[in-house]
Each structure stands twice: as structure tokens, then as C-alpha cells.
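The values are calculated or read from the model by the stated rules, or taken from the named source; none is laboratory data. All of these numbers come straight from a predicted model, not from anything done at the bench. No Cβ is skipped: glycine too gets one built from the backbone with ideal geometry, and neighbour counts run over all protein chains shown.
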Amino acid sequence: MSNAVAHADGHADARHAHHPAHQHHFDTMAQQKEAAVIGMWLFLLTEILFFGGLFVAYMIYRVWYFDAFAEASRRLSLFWGGLNTAVLIGSSLTMALAVRAAQTNNRKWTVNWLVLTMLLGCVFLGVKVIEYQDKFANYEVPGENYNWLYHEQHAAAAGETTPHRELSLTPSQLQNTTQIYFSLYFTMTGLHALHMIIGVGLMMVITWMAWKGRFDAQWYTPVEMSGLYWHFVDIVWIFLFPLLYLVERP
Amino acid sequence: MLDKLKIPDEHYLHSGHSLRSWLLTKDHKRIAIMYLMSISVMFFIGGMFAVGIRFELATPQGDFVTADTYNKFFTMHGVIMVFFFLIPSIPAVLGNFLIPPMIGAKDLAFPRINLLSLYIYWLGGAFTLAAMLMGGVDTGWTFYTPYSSAASNTHIIPTALGIFIAGFSSILTGLNFIVTIHRMRAPGMTWFRLPLFVWAHYATSLIQVLGTPVIAITIVMLFVERAFGFGIFDPTRGGDPVLFQHLFWFYSHPAVYIMILPAMGVMSELISTFSRKIIFGYSFVAFSSLAIAVFGFIVWAHHMFVAGMSTYSAMVFSFLSFSVGIPSAVKTFNWSATLYKGAVSFETPMLYAYGFLGLFAIGGLTGLFLATLGIDVHVHDTYFVVAHFHYIMVGGAIMGYLGGLHFWWPKMTGRMYSEFFSRVSAITVFVGFNVTFFPQFVVGYLGMPRRYHSYPDEMQVLNVMSSAGATVLALGYVMPVLYFLYSLKWGKVAGPNPWGASGLEWQTQSPPLTENFSEVPVVTSEPYHYDDVVIKEKHRV
Amino acid sequence: MMSDHVSPLALYLTIFGALMVLTAVTVGAAYVDLGAFNFLVAIAIACFKASLVVWYFMHVKWQSQMTKLTLATGLFTLAILLGMSLIDYASRNFTDMPRPVNPDAQMRAH
């Protein structure tokens, strides 16, 4: 009669000291790290699909209402959008350098690069506040107070002009369909900004842990995992920028 | 020689008795038990609404409740049963408990995330139940726009928020299972030595991770539309209500596979054990689980044939929906082939398995009727559809869940329940189920719409049959509560392997140790090796 | 012990530079009228930038097959979401404006 299971000794050498971060249901640190990486990527997959739904909506409406999208997109500031893109890419660089510092056992620079990453993240969020304030001031937030023509009237009064081309939409159609654009604008950038805020919060925790000397070259997994999250949020913006700011310029 | 069996002194239920030791546990088995209690509560709440529905439908007039209240009944029934009972049920209870021992691991890959997923489930449930107490929602569990986004004045936001939150619980469970199955298998436990239960949960977890985020974003869009007056689905501003349906069903169709795949996994375990035979075509069954997960993602628009989508795309989705039936048919054939010339027996878990085979076949075949465009035009939104999905969800998934619960109860608790009452209960469920739902095929085919609280007089007989059956079904569901609870104190001690089943989980004591195995097992034999397992290990009770 | 790959500083700076240049190119290309190709160019550049981040900043180049497969699965599912929704919309009147709705219609319940 065979017993399907032969028993092997799970605990290896007594000489092999356990790293304090080694969780005991894992056999080795390598297995633990690999599990963390796959787990984090699975979470990022959910984020891809999460934002993905908004991209479906964007795709459909952009084809249906291209003129409205083009006009509304011109209302966004290319300067602030471009600046934010540069800031976020920079923060990805500093994040990658923070992970690298942790890998090379450099506590001081792990902390420094993480702080810089957070700072750049906050700059991004600050710029978003500026942009949102402008939208509120110009009645470009969809809903009951939305007024497409407000900006045009006031810009004309201030002497600014924006280039236009021949549109296929009537003014009332524009009033309605540009609201769809801005609904997507606010939902997409708002959700992105929420992820940035969570990211900055995450960074604060990781920075504190790094400062306390919790990471070393054998175990810096939380830094790396937070880095993956941060880079992902950057990638979402890499797509949002051309889709929202560069529909048609000039 | 059979010694008098006793419950071992040291096991997972004994390591800590305080509330703290339960609420802060990292033990997947304790988390599974807490899920068991939670989803049982949800099941009975959802069942209450079903009672309300069937009570109203016993008479043709809408005389029990107003139409608006009736709308709330079927909405809450659907929301609670789908999101808070069926989707977690087998994975969170049986999957959580059994996957680590089945693969020879001490716990899941991320025990604290497992606990977090339970807390998140509780939080989501709290929001939805609060919304229910405040007056509920009347849009149907499908929340179609523009009614849900612009016109309904019921508590959609808290309900939808509860579903959103519960979605994270589902995602984290799936994520945990995928990493665990990939990275925590014991030495010698290769992919093709895994129990088919594990394959089924792996496939389910893929769907949970990839599909759930889409309903999450759909809920976010619904939320911003209601809360801020955004216009993504508002037709007066150029929005498309059908877009909501595409996004909603992209998740909700794969969701039905989240509900049925784990039950199919249970089926493979039950049928092989109680035929004392390896499942016929093991690799076909394993791959068919993956095929169902993949195909399940490309058929969603068959829920939208009459919603206004193009005929061309309807044809594409209809064709794909036929093909998704193929892997399910493969499984059904293979289970049947397993029974053929097997040493079959009729213990309670196997009674549920037999029930599943027949009822899932009917449910699945009627799905093909619905995938046929010409027929669907007539029976869409009638009771035909309601009967179809209840045959699968209740006749399939819930039977699978109950069968699994009855099979692994001795492992989880160390006790056996009354075989007599459990058999009576299984038969009651089967009879009650068919009397409830078969008439619904007929009455739906005759044209009775779903979600209506009144109907023409000539349909009363069938509706009364259905309501009568529901009473019997409810009785069948209440009985296990009683004899399971009884067994905890007075049930016969089960021993490690009362069924003589194969599988690593049956090599451990009942109830298991907190760490499952005192030493890491090394697997050397193939799965379902019934030639090797000696029959006299099995204790007939 | 685990020998994780440590990328040289120069690599990170190069990728950063490439990303900045590509951003500038994206903006510049938006000012050139390429008709329908404007969109494709912008998306193509964005996809390339994203792959640089994934491959080098997120280290996927040096990760296991399993990690790469996980990422590929996610992207494939996204492609299904986008592509198969398009099957419906593209086979209806996709380029014409949907018929204009009554701009005075109100749809508010609360």
C-alpha cells in the first residue's frame, strides 16, 4: 500500500540564519520575493483593466464627437500638461534610482531619492489643482453649471483668440457633447490624481521604513513594489497626456 | 484495526480561543470559517427577498406589495445573491480552506491579504445592507442606465459602493490563489498532479483578477454621473446607455463563470471519490477550466442582443457563445464517463453531484437556446432566462457548494453529520428546486416577462407551482444549518479520511493543524490514485 | 543570496532622456496635420514610452517568464475589451454623428 506522500524535512540547514523579513510559510527569501513580484503585477493588471474601461468610453466618444473633443481639448493648457508629463517622468527616474540605492545598500540615497519622488509627485498634484481651478472658474465642469460658451466670451473680451476650424456641430450640440469630453477628462485625471495621492502616501511609509534602516540589499521588496506602483501611475499619464491634451492642435 | 477515533488535541480551532485570535488570524482555515458564517448570513437575507418575490407571484395581481417595492425585492435578491453569496462562496470558503493542503503548502502566499479580503467583504456587505435598510434599490441588479444614472431616486450610490468594495475582496482572493498555486506547491506536486479543484480555482482566479476591475470602473462612472451630474451615459447630452451595458457585462458575464467553475472543481473531486476512479480525461478537464475562463471573456454581448447593438456584432457574439458551451460539455461528458464502470455510491455529497450533473446540463443547454438570436428575441427578459440562470446558479453552483460543504465538513470540523438527514435534505433540495424552476421555463416561453409583479391570470397555475416548490426548496436549505450545527457537538468523530478519498488534504488529521502539515510532504504519485488507496480506510457512518 | 540585477546609473539616465525627447516629439507631432494619423502617431509613441518604463524602470527585462506572461495576459485582456466593444460600434454608423438629441430635454430625478 503506498502512502502518496513521503515526508521530507522542510527546515534546511540550522546554519542558515533567517532574515528578519523572511515569512515562515515561504521556504526561501527568493520564493518570497518572486511571490511578491507576481502578486504586485497581478494587482497592476487590475489597474490596467480599471483604467481600461475609461479608455473604452473615450474611444467611442472621440470617434462620435471628434469636433467636440478637439474643441474641448484646446481648452486645456498645453504648458501645464507638458510640465506635468515631464515632472512625472522625472519622478519615475528618481523612483528607479531609489530602488537602485536600496539594492546597493545605500540607506541615505534611498531616502533622498524617495523624498525627491514624493516632492515631484506633489508638484504634479499642485499643477492639477491649478488646472482644475481654471476649469471651475470657466464653468467647464460638467453638470448643472456647465457653460461651454463662458470661456469663449471672456477670452474674446480679454483679447485672446484660439484657432478653430469649421465645425460640424451646432452650438447646443457643442454644449452637450463637450460635457462628455469633460466628464471623461475629470473622471480620468481625477482617478489618476487619486492614485497619485495614494502613491505619495505609500512613499511616505516606505521612506520612513528606509530611514529606519529596515531595508538592505537582501530585502528591499517594499521599495521595489512601491516603485512598480509608481511607474504604473506614470504610464497611465503617458497615455492620458496625448489623449486629453493633444486631440487637435492648433 | 479501527481504534475508537477521537478529535486530536492540537488543531487549528484550538490554537487561540479569543476573539482577537480569530479577527487577527493569518490562518487561511480560520478565515474560511469566518467567510462561511458571513456568506451564510447573506444567503438567508437574499433568500428572504426570494420568498417575497415568490409570495407576490403566487397571485396574478400585484397585491402583496407595490410595483416599486417589488422592484426592490428582485434587485436586492440579485445584488446580494450574486455579489455577496455566489461569487465568494466556494472560493472564499472551500478554496481558502483547501487549496494550501491540496498543494502541500502551509498557507496561502499572502495570509494577511487573505484577512484583508475578509474585512473588505464585511465592509462592502455593511454598505449594501445599510442601503437595503434605508430602502434599497429598484433598478435590478444590472443597474442599467439611464434609469440608474439619472432617473431612479433609490439608494444606488451606497449599494453600488458596497459592490465596488466587495469587488476588491474578490480580486485579492483571486490574486492570492494565483500566486499560491504557481509558487507554493510542495516538492513533486507538478501541475498535472494537482487536484482538478485547484485547476478550477486557478481559472476562476484569472477571471476575478481580470474581470472585476471593469465593473469597478463602471460603478465609478455611474457614481460620478449620479453624484456630480457628469454625462457619460446621458442620452440627452449625447451619452450612450448601451456603453454602460457593454462595460457592465464585460465583467458580469465572466462573473457567472466565477460562480460555476469552482463548483465544477468540486464536482471533479466528488465524482472521482465516489466512483473510486480517476476522472476520465484529467487533462481535458483541466484545460477545459482554462478554456472556459478565456472564452468567458469574449461572449458578453449575448446579454445585449435586443439592446440596440448591430446585427453583425450580435452574430459574432452568438457564434462565440455557442463555442463557450464546448468546454462545459467536455467536462460533463468526462464526469459521466468517470461514473461508467466506477464503484459508484450514494453518500450525500454524491447525491449533490448527481443533482448537479442533471441540472447543470439543463441549464447549460437552455443557454444555447438563448445564444440563438432568433429565439432570444422572443424569450429575452422573460422567465425563460430566469429559469436558465437559476438552473446553473442554483442547480449547478449552489449544489456544488453544498456538495463540497458536505464532503469536506468532516475535514473542517472533525465531525460527521447525520447521513439520514443530509440525504433527506439533498433530495428535498433537488425536488424543491425542480418544482420551483421548471415551470418558469414554460411560463417564460409563454411570454411572462421577468421583473413584473403581476401577470395574466392564465399563468397562475405555473406560478403557484413555482412558489410551492420554493417553499420546499427553502426547507431543504434550512435543514443543513440544523444538522451541521448539531454535528459540531454531537456528531461522530470523522478521523482523517472518512470517505477514503485521495488528495493531500485527506492525509492530514481532521481538523487539521494550523500549519496543515507537520513536515513538508513530497508528492510521488499521480492524482486520484484509487488503485492505491485501501478501501478499508473509509469509515462508513 | 538572491542576485538581483542592478542597472547602471547611465541606463536610467538614458531612458529618462529618451522619454523626455519622445514627449517633445509627441507635442511637436500634434502641430503637424497628419489627419487620422495624428492619433496613431501619438498612441504609438505613448506605447513605446510605456514599454521603456516597463522594460527598464520596472525591470521586466530581467524578470522571470512568469512575470512577463502575467503582463502580457493583462494587455491581451485590455485588447479584448477595447477591440470587441469596437466590433459593435464599428458595425453601426460609427463616423456619422448620432442623431442630435433635444437639447432642452431634462433628465434629472433628484
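Okay, here's what the table says:
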read-out: From B:257, B:312, B:251, residue being modelled with pLDDT under 95 and part of a helix (DSSP H, G or I); value: B:312
read-out: Filter result (away from chain A (no Cβ under 12 Å) and either part of a loop (DSSP other than H, G, I, E, B) or touching a Cys at 6+ places or on another chain (Cβ under 7 Å) (or both)) within the stretch B:165-194; value: B:190, B:194
read-out: Residue under evaluation residue C:23, criteria (1) under 27 Å from residue A:47 (Cβ atoms); (2) surrounded by fewer than 19 Cβ atoms within 10 Å (Cβ to Cβ), criterion not met; value: (2)
read-out: Selection status of residue B:59, exposed (fewer than 15 other Cβ atoms within 10 Å of the Cβ), β-branched (Val, Ile, Thr), more than 25 Å from the chain's Cα centre (by Cα) and more than 17 Å from residue B:174 (Cα to Cα); value: no
read-out: The stretch A:176-202 residues that are buried (at least 23 other Cβ atoms within 10 Å of the Cβ), paired with ones that are assigned to a helix (DSSP H, G or I) and of a type in the set (Lys, Arg) (beta carbon under 6 Å, 6 or more apart); value: A:176/B:237; A:179/B:237
read-out: Residue identified as closer than 23 Å to residue B:254 by Cα, within 14 Å of chain A (Cβ to nearest Cβ) and touching a residue at least 60 places away in the same chain (Cβ under 8 Å) among B:99, B:90, B:113; value: B:99
read-out: First in the stretch B:511-529 and within 9 Å of chain A (Cβ to nearest Cβ), second anywhere and in a strand (DSSP E or B) and β-branched (Val, Ile, Thr), Cβ under 8 Å, 6 or more apart; value: B:521/A:5; B:522/A:5; B:523/A:5; B:524/A:5
read-out: Residue in the stretch A:42-84 that is nearest to the other protein chains (Cβ to nearest Cβ), counting only those that are surrounded by fewer than 20 Cβ atoms within 10 Å (Cβ to Cβ) and among the small types (Gly, Ala, Ser); value: A:82
read-out: Matching residues in the stretch B:453-478 - criterion: being free of Cβ contacts under 8 Å to residues at least 24 places away in the same chain and surrounded by 15 or more Cβ atoms within 10 Å (Cβ to Cβ); value: B:462
read-out: The stretch B:105-122, subset in a helix (DSSP H, G or I) and of a type in the set (Phe, Trp, Tyr), residue surrounded by the fewest Cβ atoms within 10 Å (Cβ to Cβ); value: B:119
read-out: Looking only at the stretch C:34-82, and only at residues there that are outside any helix (DSSP H, G or I) and facing another protein chain (nearest Cβ under 9 Å), the one that is nearest to residue A:92 (Cα to Cα); value: C:58
read-out: Enumeration of residues in the stretch B:57-104 that are of a type outside the set (D, E, K, R) and part of a loop (DSSP other than H, G, I, E, B); value: B:57, B:58, B:59, B:60, B:61, B:62, B:64, B:65, B:66, B:87, B:88, B:104
read-out: Criterion: touching a residue at least 12 places away in the same chain (Cβ under 8 Å), facing another protein chain (nearest Cβ under 10 Å), buried (at least 20 other Cβ atoms within 10 Å of the Cβ) and within 24 Å of residue C:29 (Cα to Cα) - qualifying residue of A:243, A:228; value: A:243
read-out: Matching entry among B:343, B:314, B:371, B:307 (being touching a residue at least 12 places away in the same chain (Cβ under 8 Å), among the small types (Gly, Ala, Ser) and over 20 Å from residue C:85 (Cα atoms)); value: B:343
